[in-house]
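The values are calculated or read from the model by the stated rules, or taken from the named source; none is laboratory data. Keep in mind it's a predicted model, so treat the numbers as computed, not measured. Using ideal geometry, Cβ is built from the backbone for each residue, glycine included, and neighbour counts are taken over all protein chains shown.
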């Protein structure tokens, strides 16, 4: 504990242990949280952070240990009891019903929807008051399915505040937010903490941890290995504590591109406005931009989900006539999708089934029969090579942490020896060690002659890894800029559309 008085403790986790078969996810973990305190919970992907928070929230039952809120023991495995005690949780992947309105989502589960029409006005008024107080502005009558990612994040937090949460668990709250949205979120959280809310904050972004947290708790392989006051530590020390060794950030040399492997010339498609682009052999092309400005449409085009409506598209110099995901895979294009849950994996498939999703017909099937032994051996090799922390290849992939899902997808992509790699937000939600690992593997693919398109909302990542950088704004693509020729501020002007106006 810090110097805070014992009477201010609002949460106590005591010797929490959780096992999944032979895997010990949490091993006798204990810590306290005080009123108005922010604790950052750090650890590598698979260190047990989310499991621990799911035990606190009642979604998992601990094998050993106890949870106390405001001095009272919480009954295990009971989310309703956690909610009633004032615990709220905002999951990394939102738990909202897209077909319902904002206010319906906020009260769903807290009151049920029956009879709400009689008091809907009071519900909306309270939501508007909370929105104004904490700067979480959103229309209570808007359909959630039509909101931006940032707006959905606000709804999740409003849902917890509406239920009078005194302890809020935030699992990777900025993983799907733009930098601007993240800054706004942190301003909101600071106001809520000043009003007495206590936070447990899971993040891999160490600059966010240093900016928001009072204290840091570090897990490694399920065990609590360190606690630090933020004022007494540094990013470098926290990174070393997470992985158990000093972490060095790799440097990447610039490379001149070879022949274009994929070319777009004045291509129009839904969400794209006259895009011209070359992806060259042995080169990483970075694509920066604020979310929703055409990066997703360009990703869909290259992966075969949509086709050009006009303009010219060629792969290895051959014009594209018909285009589909199967055709794209057949032409040597592999993708790391932006959303590993929605488009990267199938939740109820096991790791083996997910590892062969795009190659089962060509690599693991003979005469219409699946060679499951070979597929399982392939998956075991991916698990070992890419350090996917899981009980085994028969595990349902939905039981893995987001980072371990991402590592399996990375292995699925790179082990096919692709000619063109579409890497859309490839390190979102990964710890610093895993980020460096993914970057090194993309660099190795570049050195092996692949053309890599790196789409990221992290300018530091783009500027450190890319040989040439493009910016997207409102479906338009900037000229290519060699690494080091534009400052972050200058790229930011292009992201805002100013550069396009200057050359129009």
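Identification of strands (runs of 3 or more DSSP E) wholly contained in the range 2-92 with 3 or more residues that are touching a residue at least 40 places away in the same chain (Cβ under 8 Å) and buried (at least 22 other Cβ atoms within 10 Å of the Cβ) yields 9-20, 23-34, 38-42, 87-90. Of the residues making up the range 423-438, just one is part of a helix (DSSP H, G or I) and either closer than 15 Å to residue 335 by Cα or without any contact (Cβ under 8 Å) to a residue 24 or more places away in the chain (or both), namely 438. Can you name the residue in the range 375-416 that is over 27 Å from residue 52 (Cα atoms) and touching a strand residue (DSSP E or B) at 6+ places or on another chain (Cβ under 9 Å) and is also modelled with the highest pLDDT among such residues? Ranking the qualifying residues of the range 375-416, first place goes to 379.
Of all residues in the range 395-407, those that are outside any helix (DSSP H, G or I) and touching a helix residue (DSSP H, G or I) at 6+ places or on another chain (Cβ under 7 Å) total 2.
Here is a yes/no grid of residues against (1) outside the structural domain of residue 445 (by TED's automatic domain parsing); (2) within 19 Å of the chain's Cα centre (by Cα); (3) buried (at least 20 other Cβ atoms within 10 Å of the Cβ); (4) in a helix (DSSP H, G or I):
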position: 299; (1), (2), (3), (4): no, yes, yes, yes
position: 306; (1), (2), (3), (4): no, no, no, no
position: 313; (1), (2), (3), (4): no, no, yes, no
position: 323; (1), (2), (3), (4): no, no, no, no
position: 342; (1), (2), (3), (4): yes, yes, no, yes
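Across the range 377-394, the number of residues qualifying as in a helix (DSSP H, G or I) and crowded, with 20+ Cβ neighbours inside 10 Å comes to 4. Would you point out which residue out of 267, 243 is touching a residue at least 12 places away in the same chain (Cβ under 8 Å) and within 27 Å of the chain's Cα centre (by Cα)? Result of the check over 267, 243: 243. Based on what the data block shows, is residue 491 surrounded by 15 or more Cβ atoms within 10 Å (Cβ to Cβ), at pLDDT below 90 and assigned by TED's automatic domain parsing to the domain that holds residue 316? The answer is yes for residue 491. Regarding the range 405-412, can at least one residue be identified that is closer than 30 Å to residue 278 by Cα, more than 17 Å from the chain's Cα centre (by Cα) and crowded, with 23+ Cβ neighbours inside 10 Å? Yes - at least one qualifying residue is present in the range 405-412.
The residues on offer are 110, 160, 125, 129, and the sole one that is part of a helix (DSSP H, G or I) and either within 30 Å of residue 338 (Cα to Cα) or modelled with pLDDT under 85 (or both) is 160. Going by the structure shown, is residue 329 under 22 Å from residue 363 (Cα atoms), at pLDDT below 95 and in a loop (DSSP other than H, G, I, E, B)? Considered against the rule, which asks whether it is under 22 Å from residue 363 (Cα atoms), at pLDDT below 95 and in a loop (DSSP other than H, G, I, E, B), residue 329 comes out as no.
Looking across 227, 251, 236, one residue alone is surrounded by fewer than 17 Cβ atoms within 10 Å (Cβ to Cβ) and assigned to a helix (DSSP H, G or I). It is 236. Restricting the first member to the range 339-361 and to residues that are more than 16 Å from residue 300 (Cα to Cα), and the second to residues that are assigned to a loop (DSSP other than H, G, I, E, B) and at pLDDT below 90, the beta-carbon pairs closer than 6 Å and six or more apart or on different chains are 341/93. Condition first: on the phi > 0 side of the Ramachandran plot and either touching a helix residue (DSSP H, G or I) at 6+ places or on another chain (Cβ under 9 Å) or in the same structural domain as residue 19 (by TED's automatic domain parsing) (or both). Now tell me which residues in the range 353-391 satisfy that. Residue satisfying the conditions is 387 alone. Residues that are crowded, with 20+ Cβ neighbours inside 10 Å and not in a helix (DSSP H, G or I) within the range 439-452 comprise 450, 451, 452, listed in sequence order.
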